[in-house]
């Protein structure tokens, strides 16, 4: 069997037509979804980019691998110690190596391993095409590499190809001559509200409305689709249109890939998976153009699977992690699940449409904030350990059926649901720590390592290279005061006084 995995960075499911979006962002993805299985409730176990892709290819939660952030100790795997043989666990038990063991030729078109110095990302790949710009390449630079590879290999059997597109990721890099296909189309209804914009302009923290550049509003002229700050409907439209145009541009190139496969006569016989490393906050929790929290906006991802012998035109509402795809592929191919993997197969859903989702999910974020959240039924329970300078309360609770964009925190109104969420989180954490004592050289939760070293990499007050550092934090407090957010500055100064000396 041929397997094509299309990985679109920062892709939200609710900005795709097949998931109900009102804009025509994804005609080619929509057509593929009609030929396969569309999964509605799939989540990245660990966000953002590096933790997510590490979890996906290792088949393991970040709490086990140690990779939960973008820098410091938690930006690299735990030392394996005496259990390491001639090769490490990423090589011997990772998804790509398992595919090799089944006779697959594994190839990748992605700069990701170099972008984050995550060289374990390449473990188990026979062939790697690094497109060379660290994620700043647009789809028209990736497509020729993919087309050349497919021309040479598509007709062969037993290959696995991972393709990485970046266009929905900031800074929005779609070429200017592509235009704006959405300039006359309405905004998402929940954002098309002056009161929402007014409230979001008061928010503090990186990538809030007045600080889209992270801790400021600098605009790079080489990326004219990106926006430094959001102050009104026009700037809001620029952000949403920039994102949606990135989705549409990537979708155009997926259409070209489909044509490559059809030209080779193998489209019908190719297992195609379309997904993402994480989603994107586009107003949720007051954050824009960033994958900065352990919430619905950041952790909810699309997953579409077209299997040559699987169901067609079906939807699945079961709860799944991104790392559940690895054991699912092993089941579909007749392979075995390695002992370290945390994933659970849903192959019966792919082949027969049977429901086999999880009871609940725990998702984590330790690069921008330190949070863990539990997703079950209609609820999202969020627990914050480090707020990333956003002044989040320790507990947040959202009813995602009535409030999918997390506008009303119900924690004080429903303490009994918070208790259930805390119990579910504690149950998961206990199981993870017990597994760690059996399989790791330590028993350390890397979330607490991130906090001990100075905070998550993008909200950092330690002595390493993270952002913004103590001097940058003082500068940001002054910026808040100068932009009508003095109250937030005072609260942050008080909350983090012990870090400032």
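Given (1) farther than 30 Å from residue 387 by Cα; (2) free of Cβ contacts under 8 Å to residues at least 24 places away in the same chain, identify the lone condition not met by residue 234. If we test residue 234 against (1) farther than 30 Å from residue 387 by Cα; (2) free of Cβ contacts under 8 Å to residues at least 24 places away in the same chain, just (1) comes out false. Can we say residue 215 is touching a helix residue (DSSP H, G or I) at 6+ places or on another chain (Cβ under 6 Å), assigned to a strand (DSSP E or B) and buried (at least 17 other Cβ atoms within 10 Å of the Cβ)? Against the criterion (touching a helix residue (DSSP H, G or I) at 6+ places or on another chain (Cβ under 6 Å), assigned to a strand (DSSP E or B) and buried (at least 17 other Cβ atoms within 10 Å of the Cβ)), residue 215 does not qualify. Looking at the structure I just gave you, is residue 113 part of a loop (DSSP other than H, G, I, E, B), within 30 Å of residue 158 (Cα to Cα) and either free of Cβ contacts under 8 Å to residues at least 40 places away in the same chain or in contact with a strand residue (DSSP E or B) (Cβ under 7 Å, 6 or more places away or on another chain) (or both)? No: the conditions fail for residue 113.
Taking every residue in segment 358-385 that is without any contact (Cβ under 8 Å) to a residue 24 or more places away in the chain and at negative phi and pairing it with any residue that is crowded, with 24+ Cβ neighbours inside 10 Å and not in a strand (DSSP E or B), at least 6 positions away or on another chain, the pairs with Cβ-Cβ distances below 8 Å are 384/369.
Report, by residue number, each residue of segment 223-238 that is over 25 Å from the mean Cα position of the chain (by Cα) and either on the phi > 0 side of the Ramachandran plot or in a loop (DSSP other than H, G, I, E, B) (or both). Once the filter is applied, which keeps residues that are over 25 Å from the mean Cα position of the chain (by Cα) and either on the phi > 0 side of the Ramachandran plot or in a loop (DSSP other than H, G, I, E, B) (or both), segment 223-238 yields 231, 232.
Tallying residues that are under 25 Å from residue 301 (Cα atoms) and crowded, with 18+ Cβ neighbours inside 10 Å within segment 189-206 yields 4.
Of all the listed residues (472, 464, 488, 484), the sole one being at pLDDT 95 or above, farther than 30 Å from residue 342 by Cα and not in a helix (DSSP H, G or I) is 484. Take the residues in segment 180-208 that are free of Cβ contacts under 8 Å to residues at least 12 places away in the same chain and assigned to a loop (DSSP other than H, G, I, E, B), then tell me which one is farthest from residue 490 (Cα to Cα). Residue satisfying both the conditions and the ranking: 184.
Given the structure, is residue 220 in a helix (DSSP H, G or I) and surrounded by fewer than 22 Cβ atoms within 10 Å (Cβ to Cβ)? When the stated conditions are applied, residue 220 does not pass them. Considering segment 5-30, the residues that are assigned to a helix (DSSP H, G or I) and without any contact (Cβ under 8 Å) to a residue 60 or more places away in the chain include one that is farthest from residue 94 (Cα to Cα), namely 17. Can you confirm whether residue 268 is part of a helix (DSSP H, G or I), surrounded by fewer than 22 Cβ atoms within 10 Å (Cβ to Cβ) and at pLDDT 95 or above? Taking the combined requirement at face value, the residue does not satisfy it. For segment 137-157, filtered to residues that are part of a loop (DSSP other than H, G, I, E, B) and out of contact with any helix residue (DSSP H, G or I) (no Cβ under 9 Å at 6 or more places or on another chain), the residue that is nearest to residue 288 (Cα to Cα) is 137. Among the residues making up segment 405-438, a single one is part of a loop (DSSP other than H, G, I, E, B), exposed (fewer than 14 other Cβ atoms within 10 Å of the Cβ) and within 24 Å of the chain's Cα centre (by Cα): 408.
Total residues in segment 386-404 satisfying the condition of being over 18 Å from the mean Cα position of the chain (by Cα) and on the phi > 0 side of the Ramachandran plot: the figure is 2. Taking the conditions exactly as written (at pLDDT 95 or above, crowded, with 20+ Cβ neighbours inside 10 Å and part of a loop (DSSP other than H, G, I, E, B)), does residue 246 satisfy them or not? So residue 246 fails the test. If I filter segment 443-465 for residues that are without any contact (Cβ under 8 Å) to a residue 24 or more places away in the chain, more than 25 Å from residue 382 (Cα to Cα) and buried (at least 17 other Cβ atoms within 10 Å of the Cβ), do I get at least one hit? The answer is no, given that none of the residues of segment 443-465 is without any contact (Cβ under 8 Å) to a residue 24 or more places away in the chain, more than 25 Å from residue 382 (Cα to Cα) and buried (at least 17 other Cβ atoms within 10 Å of the Cβ). Evaluated against (1) in contact with a helix residue (DSSP H, G or I) (Cβ under 7 Å, 6 or more places away or on another chain); (2) assigned to a strand (DSSP E or B); (3) surrounded by fewer than 21 Cβ atoms within 10 Å (Cβ to Cβ), residue 258 falls short on exactly one condition, (2).
The values are calculated or read from the model by the stated rules, or taken from the named source; none is laboratory data. For clarity, every value in this text was computed on a predicted model and none was experimentally measured. Cβ coordinates were reconstructed from backbone atoms using ideal geometry, including for glycine residues, and neighbour counts include every protein chain displayed.
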